[in-house]
1. I'm trying to understand the selection: among the residues of region 26-37, which are part of a helix (DSSP H, G or I) and in contact (Cβ under 8 Å) with a residue 24 or more places away in the chain?
2. Mind checking which helices (runs of 4 or more DSSP H) fall wholly inside region 54-161 and carry at least 3 residues that are at pLDDT below 95, over 23 Å from residue 28 (Cα atoms) and over 20 Å from the mean Cα position of the chain (by Cα)?
């Protein structure tokens, strides 16, 4: 991936939410449960790492939080990386997935839909076939991008290369 197109906050949040078992809404919301707070902290830490955004900008991107909140999240994850080898491996894997997904999006010319959870779209459609007729173009694009990057990664590499 080129340096001119870093991953987006939305992509980081999407991948973290999926990998840590929470929703995008949880990460961006005000829930302070341990699981949600940890996922939010990981997302903030990864956002800083892969985008280079300032802490005030990250705070704004995560629902208008203060930069001190972001600094606290960064410190917690830095400490976790030192103290918990399993967590360090998991966070490194999430980072690799974010970077790989961003690279695939860039090569395909696909932009991530910022406010769409493609898994939720799929569940909604699968739960009620009438929902398919009420699916927006943005939701369809997000679902297609997700399928291209997650469902067939081995074929994706062949087609992109």
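The values are calculated or read from the model by the stated rules, or taken from the named source; none is laboratory data. Remember, it's a predicted structure, so these values are computed and weren't measured experimentally. Neighbour counts are summed over all protein chains in view; Cβ atoms, including those assigned to glycine, are modelled from backbone coordinates with ideal geometry.
1. Step one: of region 26-37, the residues part of a helix (DSSP H, G or I) are 26-28, 34-37.
Hits for region 26-37 are 27, 28.
2. On the way: elements: 55-61, 67-83, 85-108, 118-127, 137-146, 153-160.
Per the criteria, 118-127, 153-160.
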